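The values are calculated or read from the model by the stated rules, or taken from the named source; none is laboratory data. Remember, predicted model here, so these are calculated numbers, not experimental data. Methodologically, a virtual Cβ is constructed for each residue, glycine included, from the backbone with ideal geometry; neighbour enumeration extends over all protein chains shown.
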Amino acid sequence: MNNAALSYGYQNLSKRYQVNEILEASPEKLLLKVYDFAIVNSKNENLAKTNKALQVLIDALRFDTDELREVSTGLLRLYKFCQDQMREGNYEIVSKVLQDLKSSWLEAFSQKQ
């Protein structure tokens, strides 16, 4: 087997592993993965990918109850702020906000257990 075939085989296994990891992940783990994706891409100054992640976070917000509406409205404002800051080229601000939010979620998840 040549190196190209071996490389393709490893890439294929890696992709299958990633797909399985996502399919089997809890909602909490998926949320953290989206934050990781957004943080990495904001640090890489990738507007399109960061905004894509932010849109996923926006789409996941729930407004079913008064309590959820209050929290989701605050998060929506932060996500929109991040989108605006990305467009203005303030990548460090976006990265910092997203890292702080991720840390807050991690703390909340750890208290839940």
(request) Look through segment 51-72, keep the residues that are in a helix (DSSP H, G or I) and of a type in the set (Gly, Ala, Ser), and return whichever of them is nearest to Asn41 (Cα to Cα). (result) Ala53
(request) Go through segment 46-59 residue by residue and tally those that are more than 15 Å from Gln99 (Cα to Cα) and either at pLDDT below 95 or in contact with a helix residue (DSSP H, G or I) (Cβ under 6 Å, 6 or more places away or on another chain) (or both). (result) 5
(request) Report yes if some residue within segment 31-42 is without any contact (Cβ under 8 Å) to a residue 60 or more places away in the chain and loosely packed, with under 13 Cβ neighbours inside 10 Å; otherwise report no. (result) no
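Give the residues of segment 73-93 that are in a helix (DSSP H, G or I) and either of a type in the set (Lys, Arg) or over 12 Å from Leu57 (Cβ atoms) (or both), sorted by residue number.
Taking segment 73-93 and keeping what is in a helix (DSSP H, G or I), we get 73-87, 91-93.
Within segment 73-93, Thr73, Gly74, Arg77, Lys80, Phe81, Asp84, Gln85, Met86, Arg87, Tyr91, Glu92, Ile93 qualify.
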